[in-house]
Amino acid sequence: MTGRSGRGVFGKLFSKKQLNKDERVQEIGMPTNVKQHIHVSMNSETGMLEGLPASWLRQLNAQISPAEQSENPNAAIQAVAFHNFHVLKKEQAEKEPCKPIITEEAITKEGIEIKKFIAKKNAHQSQDSDISIGQSSEEDVGSSTDTLSQRQTMPAAPTKNSIKKKDAVMDLTAVVQDLTLIGTEPEESPILRKKELINAAMSDEEIYEELRRICNKDDPYVRFERVKQLGAGASGVVFVAIDSKDNSRVAIKDIDLTKQTKKDLILNEINVLKGFNHKNLVNFLDSFLSYDHLWVAMELLDGGSLTDVVTEVVMKEGQIAAVCRETLQAIAFLHSKGTIHRDIKSDNVLLGMDGTVKVTDFGFCANIVGDEKRQTMVGTPYWMAPEVVKRKQYGKKVDVWSLGIMAIEMIEGEPPYMKETPLRALYFIAAVGRPKIPRWDKLSPAFQDFLDKCLQVDADDRATAEELLEHPFLDCAMELRTLTPLIKAAQRILHKNYD
């Protein structure tokens, strides 16, 4: 329903008195029985999509050909919407000292965020003057007094001869998983339960007091000797240090609290990570507070990332099975804690010189090996499951898909579509689904079946981490110490060490 009549019904259905009954509903969103549909049409002559924000159209047309847009228009829209949202989120994340723990509740909240993001982008379409469109029909834009009718970029309503394909005209709300656009009105969203946090509405002084209570009382400047800086950013400095207490080497993240606007989140992460101790996770060791500086000590793995190994040397199936088994144990543990990693890839699997395999990049573990090229790539979408890109409701099994893609890394040396731009990679993930594996015929039947169970496009058909831990492929796993020669070879080639 569009136009003035829609807003009139909206006003009758939702009076001020009704809205005040539950403030949470007002904060989160309104029902979407009233929708203002934004149509995305395909130009029959160029084969390209029209009706999206101008900047998105430029991205699409520069990176996705007319033939590809015509063949899979839904995938093109899903890719560009998700890509741009991810760019925004990454820019925000780089300013934070810790990576938020991902739960199903967090995923629901992100779904709300992306709806608002796309609605906001559409609301600003009128400011983009470089989209060329035809005449807008009265049905599309309402009367001349309707604010929405003043958008100069609203695409033309298609005529019978203006499209070639049955699905060439789309409703963006249908394509990008219920991303309802209703002008400036709030959209429907699930009502989230309010959970009382221990630090709800805490002042900075209260947060500092709580940090002083839970942090180790040792002076970090005295206890630790800096050895080598690994990285630096808005969230702080990361370096290797020697702990004088036992002469061990650790990774330290030094966070300047005066530069942090969300100190309460830091406190929450420390409390959560204290309970996340597992042999296959890069574990939180301790925290120290010195005036306005918070030092977070993490395990240091001196073998570097799995990426170094997969890009430089060839792994045997037994070695791949061993890495998959250790990674699955970490994933299954996180899932048992109600946590989804959502970024399983070789960059986030760290190795010890003895072949130890540990998963990192959650909480304060993020970026403890420095700013590698692939970690700074926008979105790093190559490992993402189709349901994430398509913005469907998703859960723990996204980590299983990513494990399957990481297994392909260990076979081929890189994930599928790595030579493509992130936007094109997102398009292929949405359009193609399961990627092709060039050396498929050279894999053992057990390995093929393992990959089959990881890379089911329908998440309902995909195995769980617990089920994969029982898979026969893992029976061929070699001893972890067999990874040591591979690690040493990669370090020699790349001139890397932690001394």
**Request:** May I ask you to verify whether Pro386 is in the same structural domain as Phe447 (by the TED database), at pLDDT below 90 and open to solvent by less than 10 Å² (accessible area, probe 1.4 Å)?
**Result:** yes
**Item:** Verdict on Met315 being modelled with pLDDT of 95 or more and open to solvent by 10 Å² or more (accessible area, probe 1.4 Å)
**Value:** yes
**Request:** Looking only at region 216-224, decide whether some residue is touching a strand residue (DSSP E or B) at 6+ places or on another chain (Cβ under 6 Å), open to solvent by 10 Å² or more (accessible area, probe 1.4 Å), in a strand (DSSP E or B) and farther than 25 Å from Asn271 by Cβ.
**Result:** no
**Asked** If only one of Leu265, Leu230 is modelled with pLDDT under 90 and assigned to a helix (DSSP H, G or I), which one is it?
**Response** Leu265
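Conditions tested, residue by residue: (1) hydroxyl-bearing (Ser, Thr, Tyr); (2) touching a Pro at 6+ places or on another chain (Cβ under 7 Å); (3) crowded, with 19+ Cβ neighbours inside 10 Å.
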residue: Leu257; (1), (2), (3): no, no, no
residue: Ile266; (1), (2), (3): no, yes, yes
residue: Asp292; (1), (2), (3): no, no, no
residue: Asp302; (1), (2), (3): no, no, no
residue: His341; (1), (2), (3): no, no, yes
**Asked** How do the pairs read when you match residues in region 413-424 that are in contact (Cβ under 8 Å) with a residue 60 or more places away in the chain and more than 22 Å from Asn84 (Cβ to Cβ) with residues anywhere that are hydrophobic (A, V, I, L, M, F, W, C) and surrounded by fewer than 16 Cβ atoms within 10 Å (Cβ to Cβ), using Cβ under 9 Å and keeping only pairs 6 or more apart or on different chains?
**Response** Gly413/Val314
**Request:** Could you grab the pairs with beta carbons closer than 9 Å, sequence gap of 6+ or different chains, first residue in region 466-487 and without any contact (Cβ under 8 Å) to a residue 24 or more places away in the chain, second one open to solvent by less than 80 Å² (accessible area, probe 1.4 Å) and not in a helix (DSSP H, G or I)?
**Result:** Pro485/Val313
**Message:** Here are the criteria: (1) open to solvent by 20 Å² or more (accessible area, probe 1.4 Å); (2) within 27 Å of Arg492 (Cβ to Cβ); (3) of a type in the set (S, T, N, Q); (4) at pLDDT below 95. Tell me which single one Thr356 does not satisfy.
**Reply:** (4)
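The values are calculated or read from the model by the stated rules, or taken from the named source; none is laboratory data. Values in this document were obtained by computation on a predicted structure and should not be read as measured data. Virtual Cβ from ideal backbone geometry, glycine too; neighbours counted across all protein chains shown. Side chains included, ligands, DNA and RNA excluded: accessible areas come from the protein's heavy atoms. Shrake-Rupley method; radii C 1.70, N 1.55, O 1.52, S 1.80 Å.
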